[in-house]
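Peer 1: Below: one structure in structure tokens.
The values are calculated or read from the model by the stated rules, or taken from the named source; none is laboratory data. Keep in mind that what you see is a predicted model, and the values were worked out from it rather than measured. All Cβ positions, glycine included, derive from the backbone under ideal geometry; neighbour counts span all protein chains shown. Ligands, DNA and RNA are excluded from the accessible area calculation, which covers all protein heavy atoms including side chains. Shrake-Rupley method; radii C 1.70, N 1.55, O 1.52, S 1.80 Å.
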Amino acid sequence: MVEQIVQIVSNERDTDLYFRLAVNAPQISPLVQPGQFAHVRIPPLREALLRRPFSIFQVSGSTLSILYKNIGKGTDVLSRMRPGEELSMIGPLGHGFTVPPPTGETPLLVAGGYGMAALYLLAQRSPQKGIVFVGGRRRVDILCEAEFRALGWEVRVTTEDGSHGEPGLVTHALLAELKRREPGRKLFACGPTPMLKAVGRLAAEFKLPAELSLDEHMGCGIGVCLTCVVPIKAGDG
């Protein structure tokens, strides 16, 4: 974990309210593992005491990228920042995904909305290609589809309004695939909590190993203030 002042390289609109931000972070970038996040303070937002957590999407040399949605005051201010301006960043944070070994299970990635950002590095670094299940409410909520295809992964898209890919929930597409009962598979998921609960139930039903990226609203981002705590069920129930 490193705290660093990073400089914006680019900050461009992706689709609708989604933006891609790239920063030069030479101390943080080499440490990033798939599924980790960065905690960002936006200096122009002087009245904000807390940082904002963002999944790390891509890493290339000293540059790292995040995908974010303009949904509040903080991200609105961030969306108007330009190359050359600076942010305060702590990272990488969180427990990352386990990269599948060359002879391990075939990975099935399940993403809801910009949960795709947290799964891209896993797909990029995995020695095995698998299937990416991507879900969103509308076509504009489907991100990074081209990037995953460029890695050689099969991408299956679902939208709740049927505007892109198959109509329905991403977990419905996942269930249809799991019913084929191919051996040697492992699930990785990131997205809204209801989706993660559904993926967890499917993993238990089909007796598959799974790693789910859980997150809550957080203050410190490093596990001290305990606002991000997610209750879990132990083996004894």
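Peer 1: Counting only residues that are of a type in the set (D, E, K, R) and in a strand (DSSP E or B), which one in the range 67-117 is farthest from Pro34 (Cα to Cα)?
Peer 2: So the residue we want is Glu86.
Peer 1: When you scan the range 95-116, do you find a residue that is β-branched (Val, Ile, Thr), open to solvent by 20 Å² or more (accessible area, probe 1.4 Å) and over 29 Å from Pro183 (Cα atoms), even just one?
Peer 2: no
Peer 1: Within the range 173-195, can you find the residues that are over 20 Å from the mean Cα position of the chain (by Cα) and either surrounded by 14 or more Cβ atoms within 10 Å (Cβ to Cβ) or in contact (Cβ under 8 Å) with a residue 24 or more places away in the chain (or both)?
Peer 2: Leu175, Glu177, Leu178, Arg181, Glu182, Gly184, Arg185
Peer 1: Looking at the range 1-23, which of the residues that are surrounded by fewer than 17 Cβ atoms within 10 Å (Cβ to Cβ) and of a type in the set (S, T, N, Q) is farthest from the chain's Cα centre (by Cα)?
Peer 2: Here the residue is Gln7.
Peer 1: Please find, within the range 192-237, the residue that is farthest from Glu3 (Cα to Cα) out of those that are outside any helix (DSSP H, G or I), touching a helix residue (DSSP H, G or I) at 6+ places or on another chain (Cβ under 8 Å) and of a type in the set (Gly, Ala, Ser).
Peer 2: Ala210
Peer 1: A further question on this structure: What's the number of the condition Leu49 fails, among (1) surrounded by 14 or more Cβ atoms within 10 Å (Cβ to Cβ); (2) among the hydrophobic types (A, V, I, L, M, F, W, C); (3) without any contact (Cβ under 8 Å) to a residue 12 or more places away in the chain?
Peer 2: Condition not satisfied by Leu49: (1).
Peer 1: Every residue in the range 24-37 that is within 24 Å of Pro100 (Cβ to Cβ) and open to solvent by less than 10 Å² (accessible area, probe 1.4 Å), please.
Peer 2: Result: Ser29, Val32, Pro34.
Peer 1: Assess whether Tyr120 counts as being of a type in the set (Phe, Trp, Tyr), assigned to a helix (DSSP H, G or I), buried (at least 21 other Cβ atoms within 10 Å of the Cβ) and at pLDDT 90 or above.
Peer 2: For Tyr120, the condition - of a type in the set (Phe, Trp, Tyr), assigned to a helix (DSSP H, G or I), buried (at least 21 other Cβ atoms within 10 Å of the Cβ) and at pLDDT 90 or above - is met.
Peer 1: Across the range 1-36, what is the total count of residues that are in a strand (DSSP E or B) and in contact with a Phe, Trp or Tyr (Cβ under 6 Å, 6 or more places away or on another chain)?
Peer 2: Qualifying residue count, the range 1-36: 2.
Peer 1: For the list (1) touching a helix residue (DSSP H, G or I) at 6+ places or on another chain (Cβ under 7 Å); (2) within 23 Å of Thr227 (Cα to Cα); (3) outside any strand (DSSP E or B); (4) of a type outside the set (A, V, I, L, M), I need the number of the one condition that Pro44 fails.
Peer 2: Condition (2) is where Pro44 drops out.
Peer 1: Taking the criterion of being touching a Lys or Arg at 6+ places or on another chain (Cβ under 8 Å) and open to solvent by less than 60 Å² (accessible area, probe 1.4 Å), would at least one residue in the range 143-150 satisfy it?
Peer 2: no
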